[in-house]
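Scroll down for the structure; my scribbles are underneath it.
What follows is calculated from the coordinates using simple rules that are stated; it is not laboratory data. Just so it is clear, the model here is predicted, and its values are computed rather than measured. Here Cβ is always computed from backbone atoms with ideal geometry, including for glycine, and neighbour counts include all displayed protein chains.
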Amino acid sequence: MTAREDARVNASPELTDAPEPEESVPMMSPSLDVKRTTPMDKEEIKRAFLDNLFYVQGKFPVLATQHDYYMALAHVIRDLLLHRWVSSASVYTAEKARTVCYLSAEFLMGPHLGNNLLNLGMGEQIRQALAELGLSLDELMQEEAEPGLGNGGLGRLAACYLDSLATLEIPTLGYGIRYEFGIFEQEIADGWQLERTDKWLRYGNPWDIARPEWAVEVKLGGHTEHYRDAKGEPRVRWKPEQTVVGIPYDTPIAGYRNNTANTLRLWRAEAPESFDVAVFNRGDYYGAVEQKVKSENLTKVLYPNDEQVKGKQLRLEQQYFFVSCSLQDMLRIMRVQHIPLERFHEKFAIQLNDTHPAIAIAELMRLLVDEHGMPWQQAWAITRRSFAYTNHTLLPEALERWPIGIFASLLPRHMEIIYEINAGFLEEVRSRFNGDHDRVGRLSLIDEGGERYVRMAHLACVGSYAINGVAQLHSELLKSDVLRDFYELWPEKFQNKTNGVTPRRWLALSNPSLAGFITANIGEGWVTDLDKLKELERRADDAVFGAKWREIKRLNKHQYAMYLRHKTGVGVDPESLFDVQVKRIHEYKRQHLNILNVIRMYLELKANPNLDIQPRTFLFGGKAAPGYRMAKLIIKLINAVGSVVNRDKSLRNQLKVVFVPNYNVSNGQRIYPVAELSEQISTAGKEASGTGNMKFQMNGALTIGTLDGANVEMLEEVGAENFFLFGHTVDDIQRLQREGYRPFETFERNGILREVFSLLQSGFFAKGDAELFRPLVENLLYSDPFFVLADFQSYADCQDEVGRVYQDAGRWTRMSILNVARSGKFSSDRAIDEYCRDIWNVKPVKTNLLKQHRIMHRSIQ
Ligand SMILES: *Cc1c(COP(=O)(O)O)cnc(C)c1O
């Protein structure tokens, strides 16, 4: 009996019930099975699945866990992707295609299995094949550990952009870091956030392939030596203190229903081979092992801070490490394709996702000048034509600066290069602005006011040919405020690229019932051309259509209510209005404004027991940076209010407050489809764009929001009559700031606010502890840097209006349909189209699937 037959005999009853494949199993290694590379029928899927269970997992069904089944399935899908991947790589290489390199310290990809099935168009086949084996696709999908290699919006944007780049058939490499521990898992205990390490690699990752043959060396620390080469030219050598090796791990990124598979290349740090020699020679085994551990710590953990930076040396090491690996990798690709170095900027368009990879500008100069002997001016001309920079923030505390001391000791050569770039740059500034001394100081790459810092945003601006913000308002504020001096110097560099999200993951995959209904009515073209949703507009007044639209949301809510009860123990009324705020917890996002209004509604219901309001379920979710005390206290407050409100029988179920733990991509995919009201209530001028707002809109939620970030454009798209607008504008806020904002005066003038705060200060939500929320209360009353009190009344009034409008189901449904119909602008396909046209100057390259024998032939050559 062959091993394979043996596996069948030992199969569980469910598995042996399945009909046997008609043809015998070919005796080939699974990876060479030709059929696996083309769309498979059900029998082939089942066979490939069982093969993988046996040969990859080393299990037979009786011993297999759900996770083994998941792994076997993941390998079936990866094998399918490989054909596209190899074919795309082959076409790109043959055509020496211009390539987008998206450099990002974070990629918040979310689970791959469901998305790959969707993009391959194989979901139904796989579901049926598994069902015949007695397995549930949905259950296997739950087994996937989420690769949470990002904090929030910025990392998720990178993931949406990779999806669109593959769907639009743009040759792309995503470059980043393969953190061993991604963003922590959040648990809630006694209302407080607890962090648990995210061991996403514990059972192995079936989606990536290590490429140790393309490893590169990265230097750190030490000093530089200046000397003259044989021709008498001045040269510089970097004598590092330490060397680490970067190993690339590649994940295929499939386009939607096309033949393209691009690459996400994430780097892991390792100690160099020479480590072993050192141990042998020195005999200092433990000392040497310590060095090895130190090297491998480099990519150990993602820094869990969103929108705030601390000058931690390890973070700078991570940034430099992945940037140096990636640039060296690009130079290797140039060598393989026989492209001369002078054409670097023609081969690659490098996008800097925020300033995290901005050190790439100095590193490319070092590689070209020191390692390839290129003259400085030529290298600078190439560098300045290679990079484009996306700014993501207006918060001063999120602008990256590195103390000169840390920077120079880790990157001594880059420090020199930055000084040299700065000297040339400031010379240009002086001659343009007649020696305007203050301006020179403001523009300098070095902050000299007190302790000296390297300003990474300035390096990014000087070294890039394009600079963009991520929503119209944000891009305007960059020009008038944060980067004003750079705008005055180089207005032609500034652009706007309003963010977008992929409708594949965030609608087709996450909300299959709504997606199916839309497709049934307007066809499936919207999936890759989201403007087609406009065709839903003519159904907005169709009562039958509207009733079905409502029913879809209702069913989603009912299912989610069961899930919530299972996860949190709290029962919510699925017929109530689902009002959702999910995003990182941050004072500028103002979760506390939301919860203050919940307290207001609670007080109102307590004061008028017969009051009938629109019943509501407030859902919150989001992680706080572990060291961000105020954010953690806000989580505690939400939970504290929830535990009082949810138990109060006198409210007759009119109010529920639930904090959903561990908001991440998977939980986002569950929650956006059930939301009816989307909370986008940041202080005007603080949220660069937001992308959560877009996911909610696509799933039929209405927005309550300020004129901030991309909300402005959403309002413009859907019309004011389909948007709940409140609060101060950017101009209002700036005026308040100028005139001296005194929140305590606002508080004293507002009777409702006084009641809300008096309840809070009494310890009512803290089992009598009047101290617990004091830091939060005092911050709001005496400082309120994010204008919570200033917007409170406007927000409360607007929320009451929401409740009234919801009671007119027909009107609400119409608004919901129109929101979806007008969400086309917020597809990441639109955003990527604009980047390709206005910044990258790249064109699609079609992939034709190679014949299997040609792949084999080529690989042997
Ligand atoms: C979309 C998304 C975000 C960004 O949400 P905002 O509301 O724009 O801040 C953050 N985290 C996850 C997991 C997301 O999916």
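For a Förster distance of 22 Å, can you work out the FRET efficiency between the beta-carbons of THR93 and THR519, rounded to the nearest 0.05? If you can, show how the numbers build up before the last one.
Details: r = 37 Å, r/R0 = 1.67.
Efficiency computed from Cβ-Cβ geometry: 0.05.
Using the Kirkwood formula on the Cα atoms of the stretch 787-856, what hydrodynamic radius do you get, in angstrom to one decimal? Please list the in-between numbers first.
On the way: mean 1/r = 0.0572 Å⁻¹.
Value: 17.5 Å, from the Cα pair sum.
Just in the stretch 349-387: which trypsin sites (Lys or Arg not before Pro) are loop by DSSP and have at most 16 other Cβ atoms within 10 Å?
Values: sites: ARG366, ARG384, ARG385; in loops: ARG385.
When the trypsin sites (Lys or Arg not before Pro) of the stretch 349-387 are filtered for loop state and at most 16 Cβ neighbours within 10 Å, ARG385 remain.
Let me see the pair-distance distribution of the stretch 481-540: every alpha carbon pair, 10 Å bin width, integer percents in order.
For the stretch 481-540, the pair-distance distribution reads 19, 35, 14, 16, 16, 1.
Give the average over all directions of the projected area of the C-alpha convex hull of the stretch 460-612, one decimal, in nm².
On the way: hull surface 59.5 nm².
Approximately 14.9 nm², given one-decimal rounding.
Return the calculated 222 nm mean residue ellipticity for the chain, to the nearest 500 deg cm²/dmol, obtained by summing -39500 (n - 2.57) across DSSP H runs with n ≥ 4 and dividing by the residue count. Kindly include the intermediate steps, with their values, before the conclusion.
Values: 35 runs with 395 residues, N = 861.
The helix contribution divided over the chain gives -14000 deg cm²/dmol.
If you bin every alpha carbon distance in the stretch 115-173 into 10 Å steps from zero, what whole percent lands in each bin?
In order of increasing distance, the bins hold 18, 36, 31, 14, 0 percent.
Just to check I understand the Karplus step: with θ = phi - 60° and J = 6.51 cos²θ - 1.76 cosθ + 1.60, what whole-Hz values come out for the stretch 296-311, glycine and proline as x?
7, 5, 3, 10, 5, 9, 6, 5, x, 9, 10, 6, 7, 10, 10, x
Taking the Cα-to-Cβ direction at ILE339 and at ALA607 and moving 7 Å from each Cα, how far apart do the two end points lie in nm?
Output for this residue pair reads 6.7 nm.
Provide the descending list of Cα extents for the stretch 505-595 along its principal axes, expressed in whole angstroms.
Here the spans come out as 40, 30, 25 Å, largest first.
Taking only C-alpha pairs under 8 Å that are 6+ residues apart, what is the relative contact order of the stretch 82-179 in percent? If you can, show how the numbers build up before the last one.
Working: 94 pairs, mean separation 46.5, N = 98.
Relative contact order, the stretch 82-179: 47 percent.
GLU492 versus ILE209, label points 7 Å from Cα toward the beta carbon: distance in nm?
4.4 nm
May I ask for log10 I(q)/I(0) of the stretch 349-390 at q = 0.15, 0.19, 0.25, 0.33 Å⁻¹, from a Debye sum over the Cα atoms as equal point scatterers with solvent left out?
One equal scatterer on each Cα of the stretch 349-390 leads to -0.34, -0.52, -0.80, -1.10.
Return the Cα extents of the stretch 503-826 along principal axes one, two and three, sorted largest first, each rounded to a whole Å.
Dimensions of the stretch 503-826 along the principal axes of its Cα atoms: 57, 46, 39 Å.
When only Cα pairs under 8 Å and 6 or more residues apart are kept, what is the percent relative contact order across the chain?
On the way: 1517 pairs, mean separation 114.8, N = 861.
After rounding, I find 13 percent.
So what is the diffusion coefficient of the stretch 49-205 in µm² per second by Stokes-Einstein at 37 °C and 0.692 mPa s, using a Kirkwood Rh over Cα pairs? Working shown, then result.
Numbers: Rh = 17.7 Å.
Approximately 186 µm²/s, per Stokes-Einstein.
Can you flag which of LYS292/LYS312; LYS493/LYS583; LYS300/LYS479; LYS219/LYS623 are past 29 Å Cα-Cα?
Working: LYS292/LYS312 20 Å; LYS493/LYS583 31 Å; LYS300/LYS479 37 Å; LYS219/LYS623 35 Å.
Beyond 29 Å between Cα atoms: LYS493/LYS583; LYS300/LYS479; LYS219/LYS623.
I'd like to know how the stretch 252-408 sits against the 2.2 N^0.38 Å rule of thumb: what's its Cα Rg over that expected value? Spell out each step's value before the answer.
Values: Rg = 18.6 Å, N = 157, 2.2 N^0.38 = 15.0 Å.
After normalising by residue count via 2.2 N^0.38 Å, the value is 1.24.
Got the relative contact order for the stretch 503-826 handy, in percent, Cα pairs under 8 Å and 6 or more residues apart?
23 percent
Largest first and in whole Å, what are the equivalent-ellipsoid semi-axes of the chain based on the Cα gyration tensor, each being the root of 5 times an eigenvalue?
Computed over the chain, the values are 43, 39, 26 Å.
Please list, in order along the stretch 337-342, the HN-Hα scalar couplings obtained from phi with the Karplus expression 6.51 cos²θ - 1.76 cosθ + 1.60 (θ = phi - 60°), rounded to whole Hz, x for Gly and Pro.
Once rounded to whole Hz, the list reads 8, 6, 9, x, 3, 4.
Give a residue-ordered list of calculated ³J(HN,Hα) values for the stretch 184-190 (Karplus: 6.51 cos²θ - 1.76 cosθ + 1.60, θ = phi - 60°; whole Hz; x for Gly, Pro).
4, 8, 9, 10, 10, 10, 6
What value does the stretch 727-774 have for Rg/Rh, both radii from Cα atoms and Rh as Kirkwood defines it? Before the final figure, lay out the partial values.
Working: Rg = 14.5 Å, Rh = 12.6 Å.
Reported Rg/Rh (Cα atoms, Kirkwood Rh): 1.15.
The stretch 321-432: D in µm²/s via Stokes-Einstein (Kirkwood Rh, Cα pairs, 20 °C, 1.002 mPa s)?
In µm²/s, the coefficient rounds to 141.
Obtain the radius of gyration and the Kirkwood radius of the stretch 675-795 from its C-alpha atoms and give Rg over Rh. List each step's numbers first, then the result.
On the way: Rg = 16.4 Å, Rh = 15.8 Å.
That ratio equals 1.03.
Within 10 Å, at most 16 other Cβ atoms, and a DSSP state outside H, G, I, E, B define an exposed site. Report the longest part of the chain free of exposed GluC sites (Glu not before Pro).
On the way: sites that count: GLU22, GLU23, GLU241, GLU273, GLU448, GLU451, GLU524, GLU575, GLU771.
Segment 24-240 is the longest.
Subtracting the Cα-Cα distance from 0.36 nm times the residue separation, let me have the gained length for ASN667 to ARG754 in nm, one decimal. Please report the intermediate quantities before stating the final value.
Working: separation 87, 0.36 × 87 = 31.32 nm, distance 3.60 nm.
Length difference between fully extended and current span is 27.7 nm.
Under 5 Å between amide H atoms, partner at least 5 residues away or on a different chain: which partners does LEU173 have, H built in plane at 1.01 Å?
VAL100, CYS101, TYR102
Report, in debye and to the nearest 20, how large the dipole of the chain comes out about its Cα centre when Lys and Arg carry +1 and Asp and Glu carry -1 on their Cβ. Walk me through the numbers on the way to the answer.
Numbers: 104 positive and 113 negative charges, 98 e Å.
Computed about the Cα centre, the dipole is about 480 debye.
With every atom except the alpha carbons ignored, what do you get for Rg and Dmax of the stretch 377-419, in angstroms?
So, for the stretch 377-419, Rg and Dmax equal 13.7, 36 Å respectively.
May I ask you to list the trypsin sites (Lys or Arg not before Pro) in the stretch 648-740 that are in a DSSP loop and have at most 16 other Cβ atoms within 10 Å of their Cβ? Please list the in-between numbers first.
On the way: sites: LYS649, ARG652, LYS656, ARG670, LYS686, LYS695, ARG735, ARG738; in loops: ARG652, LYS686.
Counting only loop positions with at most 16 other Cβ atoms within 10 Å, the trypsin sites (Lys or Arg not before Pro) in the stretch 648-740 are ARG652.
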